[in-house]
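The values are calculated or read from the model by the stated rules, or taken from the named source; none is laboratory data. All values derive from a computational prediction rather than experimental measurement. Virtual Cβ from ideal backbone geometry, glycine too; neighbours counted across all protein chains shown. Please note that ligands, DNA and RNA were not included when accessible areas were found on the heavy atoms of the full protein model with its side chains. Shrake-Rupley method; radii C 1.70, N 1.55, O 1.52, S 1.80 Å.
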Amino acid sequence: MGLKGFVEGGIASIVAGASTHPLDLIKVRMQLQGESRLPNPASLQAFRPAVAFNTVSAGAGNISLHVEVPPPPARVGPISIGARIIQSEGMAALFSGVSATILRQTLYSTTRMGLYDILKHKWTDQDTGSMPLPRKILAGLISGGVGAAVGNPADVAMVRMQADGRLPIDQRRNYKSVFDALTQMSKQEGIASLWRGSGLTVNRAMIVTASQLATYDQIKEMILEKGVMSDGIGTHVTASFAAGFVASVASNPIDVIKTRVMNMKVETGAEPPYKGALDCAMKTVKAEGPMALYKGFIPTISRQGPFTVVLFVTLEQVRKLLKDF
């Protein structure tokens, strides 16, 4: 029973992750908007010096130097970002980092789904056949935390590969695959870099898993108990959308900070942009306002909704297929 839960959860997670990857990529790009308005060496041409010579009656000249700094780019929505990615990087760019997504789902989601299934069977009341909501939440917190710790290297690689296209050409990492990304990170930044932001990843995964899996199970049970719908696609989709919404609202702030910490470029001898999660959160709020923590919320919920629906609908179908094993 335990191994079966891991297999079922893994298959459903990989299908859901791969099919909704473009929405996840757009979400990451939106979360990085406005992160830094300081010029980099590759973009110094954006500063246009204008030298004006003003003559006076005595014939002497005064020279004034004016440097025109362009205003920060306007923030755009998910559709505009998606269109820009296709226009500047090509259609295939929407699937940048998909290999990392598949590896992440294989490690992270397979672990959390399988572990949650084990805890669910152990903690279900034998008399009533149901598990109280507090136990569901606790099972989600535990399984999400363990899964995130296992899958963090793939998560870091995925964020970097998704964000690479927004960098100037000379600053791009140009990872060829998730394994190339992991190899280069290990060589250039040390093995510890594979677990950069792991505290945030674990916290986010605990919140997402607890809210997502517990909400799905709870809503599904309520629908079936009240006889609103039978145990079919309609029930699964309804419970999935509710679970996706709750998970999006609860996890978005941590997701923004996680994305920025994982994506930051640490150069030898230089101070990192962020000292940690709290420092990143404070700098983000100070520079961009509190609502910056909900950047990318529309694509988050646009992705989390379909992801959760595909995840649980696929999971229910896989369970039917494997019920005799």
- Starting from the Cα of ARG173, move 7 Å in the Cα-to-Cβ direction to define the label point; list residues of region 241-285 whose amide nitrogen is under 11 Å from there. 262-266
- Item | Residue-normalised accessible area of the chain, expressed per residue, 1.4 Å probe, Å² | 50
- Taking the Cα centre of region 199-294 as origin and charging only Cβ (+1 Lys, Arg; -1 Asp, Glu), how large is the dipole, in debye to the nearest 20? 280
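Of the cross-linked pairs LYS4/LYS27; LYS122/LYS220; LYS220/LYS258; LYS120/LYS258; LYS176/LYS286; LYS176/LYS283, which ones have a Cα-Cα span greater than 24 Å in the structure shown? Before the final figure, lay out each step's value.
On the way: LYS4/LYS27 32 Å; LYS122/LYS220 19 Å; LYS220/LYS258 31 Å; LYS120/LYS258 29 Å; LYS176/LYS286 36 Å; LYS176/LYS283 32 Å.
In this structure, LYS4/LYS27; LYS220/LYS258; LYS120/LYS258; LYS176/LYS286; LYS176/LYS283 lie more than 24 Å apart at Cα.
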- Query: Along the three principal axes, how long is region 199-294 when you take its alpha carbons, biggest first, rounded to the nearest angstrom?
  - Reply: 63, 25, 17
- Please find the FRET efficiency linking LYS286 to MET222, where r is the Cβ-Cβ separation and R0 is fixed at 41 Å, and quote it to the nearest 0.05. 0.45
- Message: Using 0.36 nm times the number of residues separating SER19 and LEU278, minus their current alpha carbon distance, what extension gain do you get?
- Response: 90.0 nm
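For the ranges 109-120, 158-169, what's the packing order if you count other beta-carbon atoms within 10 Å of each residue, average per peptide, and put the highest first?
Details: 109-120: 22.9, 158-169: 20.9.
Put in order of decreasing packing, that is 109-120, 158-169.
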- Does anyone have the angle between helix 178-189 and the longest principal axis of the chain? Alpha-carbon axes, 0 to 90°, nearest 10? 50
- For helix 78-89, what angle does its Cα long axis make with the longest principal axis of the chain, in degrees from 0 to 90 and rounded to 10? 60
- Message: Using only DSSP helix segments of four residues or longer, with each worth -39500 (n - 2.57), what per-residue ellipticity at 222 nm results for the chain after dividing by its residue count and rounding to 500?
- Response: -21000 deg cm²/dmol
- Task: Output ³J(HN,Hα) for region 7-19: one whole-Hz value per residue in order, computed from phi by the Karplus curve 6.51 cos²θ - 1.76 cosθ + 1.60 with θ = phi - 60°, and x for Gly and Pro.
- Result: 5, 4, x, x, 4, 4, 5, 5, 4, 5, x, 5, 6
- Item | Nearest-ten-degree value, helix 110-123 long axis tilted from longest Cα axis of the chain | 40
- Using only the Cα atoms of the chain, what do you get for the radius of gyration and for Dmax, in Å? 23.6, 102
- Query: Which value, in debye to the nearest 20, gives the size of the charge dipole of the chain about its Cα centre, when Lys and Arg are +1 and Asp and Glu are -1 at the Cβ?
  - Reply: 320
- For region 258-282 and region 287-316, write down the distance between their C-alpha centroids in whole Å. 23
- Quantify, in whole percent, the carbon and sulfur part of the accessible surface of the chain (1.4 Å probe; protein heavy atoms only). 65
